[in-house]
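Colleague: So that we are looking at the same thing, I have put the structure below in C-alpha cells.
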Amino acid sequence: MTIILSFAAFGLFATRYAVLQKSLETLQKNRKEFVNFTPLWVASMAYDYTVASIVFIANIKMLRLFRFNRMLGFLMAVLANALPALASLGIIFIVAFAAYSLCPLLIFGSHVYTYSTFLRALETQFTTLLGRTEYFPLIKAVDAFWGPMIFFSFSFACVIFLMNIFVTVINISMNEVENNPDLMSPESEVVTYVVRSIKSTLGFGKRDEGNAMEYHGAFDSMDARMASLNESLDKMLLHDLAEMSLRQRQLGECRRKSSFPQPLPELRSKEGGGPRRKRDKTDTAT
C-alpha cells in the first residue's frame, strides 16, 4: 500500500508541476487574460492528501515496530482491551458530532461562510472541539439565542461529557491490564531479557538482581502451573482407567448372565458312553 501511494504521490507531484508551469506561461503571455488555477489547486490538494496518507501509514508501521518497547506494548494492550468500549463510544460521538454539525448548517448556513456546507460545518465544529472559539461571535451576531445555545451545548456534550467518558474507559482498561499481565504481549519482556543478558555477558552493564528474581519468579510460577496441570491430567487418567475397568466388569457380568446354561451331569452321561455302561451293570446286578 505504501509503495502504491508513493508512486501516486510522485505522479501527482509531476502533474502539479506541469500544471503550474502551464499556468505561469499563460499568465506571462497575457497578464490581462484570466487564468484558471483550479486544476493546480486540485492537484496540490490531492498531492497533500496522498503524502499525509503515506506519513500516517509509516507512523502506524513504526508503532508496530515499537511493540517490543515495554511502555508502547502496554499502551497497545490498553487500547486493544478497551477497543469494544471505544467502538461503542465512537458511534455515539459520530452521531452527536454529525447532529451538532447539521444544526448550525441549517440555522447559520445562509449567513456564516464557515457553516455554508456540511463539510465546512464539520471542519468548524472540529476546530471548536480543539479549542478554537473565534466563530462564536459570528453565530451569536446572527442569532442571539440559538448561537450561544448550540455552542455551549456542543461544548458540554462533546468536549466535557464524551471526552471524560473516553478518559474513564482508558483508565479502566489501564487498571485491568495492570492487574492482569496476561493481557500484555510477552515480546517486550523477551527482548528486554535478551538485551540485558547480552549487556551482562559483554560487561557493558550490571545484571539487575531484581529483574532476575522477577524472571525466576515467573519461571517458578510457570513450573508450578505445569505441575498442577500434570497432576490434574494424572487424576483424569486414573479416573478414566477406573471407569473403564468398572465397565469391563459390568460387561463381563452381563455376558455371564445372558449366556446359555450348562447341561446337567445326567445329560452329559447320556451323551458319553462310560457312565451309562457303569449304570447298566449296576442295574443288571441288582
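The values are calculated or read from the model by the stated rules, or taken from the named source; none is laboratory data. Everything numeric here is computed off the predicted structure, so don't read it as measured data. Neighbour counts run over all protein chains shown; Cβ positions are idealised from the backbone, glycine included. When the accessible area is computed, the model is the full protein with side chains, heavy atoms only, and any ligands, DNA or RNA have been set aside. Shrake-Rupley method; radii C 1.70, N 1.55, O 1.52, S 1.80 Å.
Colleague: With a 1.4 Å probe and every protein chain left in place, work out the accessible area per residue of segment 65-154 in Å², rounded to a whole number.
Modeller: Result: 61 Å² of accessible area for each residue.
Colleague: On full extension of the chain, what length is gained from residue 55 through residue 240, given 0.36 nm per residue of separation minus the C-alpha to C-alpha distance?
Modeller: Numbers: separation 185, 0.36 × 185 = 66.60 nm, distance 6.04 nm.
Result: 60.6 nm gained on full extension.
Colleague: Let me ask another. How far is it, in nm, from the label point at residue 166 to the one at residue 116 when both lie 7 Å from their Cα along the line to the Cβ?
Modeller: The modelled label-to-label distance comes out at 3.0 nm.
Colleague: I would also like to ask the following. Using a 1.4 Å probe on the protein heavy atoms, what percent of the accessible area of segment 14-60 belongs to carbon and sulfur? Display every interim value, and only then the final one.
Modeller: Numbers: 2320 of 3660 Å².
Taking all protein chains in place, segment 14-60 shows 63 percent carbon and sulfur surface.
Colleague: Identify the residues of segment 38-54 with backbone N under 13 Å of a label point that sits 7 angstrom from the Cα of residue 22 along the Cα-to-Cβ direction, or state none.
Modeller: Label zone hits: 38-43.
Colleague: Return the whole-Å distance between the Cα centroid of segment 113-138 and the Cα centroid of segment 21-46.
Modeller: That distance is 30 Å.
Colleague: Quick one: what are the phi-derived ³J(HN,Hα) couplings along segment 72-85, Karplus 6.51/-1.76/1.60 with θ = phi - 60°, whole Hz, x for glycine and proline?
Modeller: 5, x, 5, 5, 5, 5, 5, 5, 5, 6, 8, 4, x, 5
Colleague: So for segment 1-151, Kirkwood radius off the Cα pairs, Stokes-Einstein at 37 °C and 0.692 mPa s: how many µm² s⁻¹?
Modeller: Value of D from the Cα-based Kirkwood radius: 166 µm²/s.
Colleague: Moving to a separate point now. Treating the Cα atoms of segment 3-89 as identical point scatterers in vacuum, please give the log10 of the normalised Debye intensity I(q)/I(0) at q = 0.11, 0.18, 0.19, 0.24 Å⁻¹, two decimals.
Modeller: Cα-only, vacuum Debye calculation for segment 3-89: -0.55, -0.85, -0.89, -1.06.
Colleague: Tally Lys/Arg at +1 and Asp/Glu at -1 over every other residue whose Cβ is under 13 Å from the Cβ of residue 109; what's the total?
Modeller: 0
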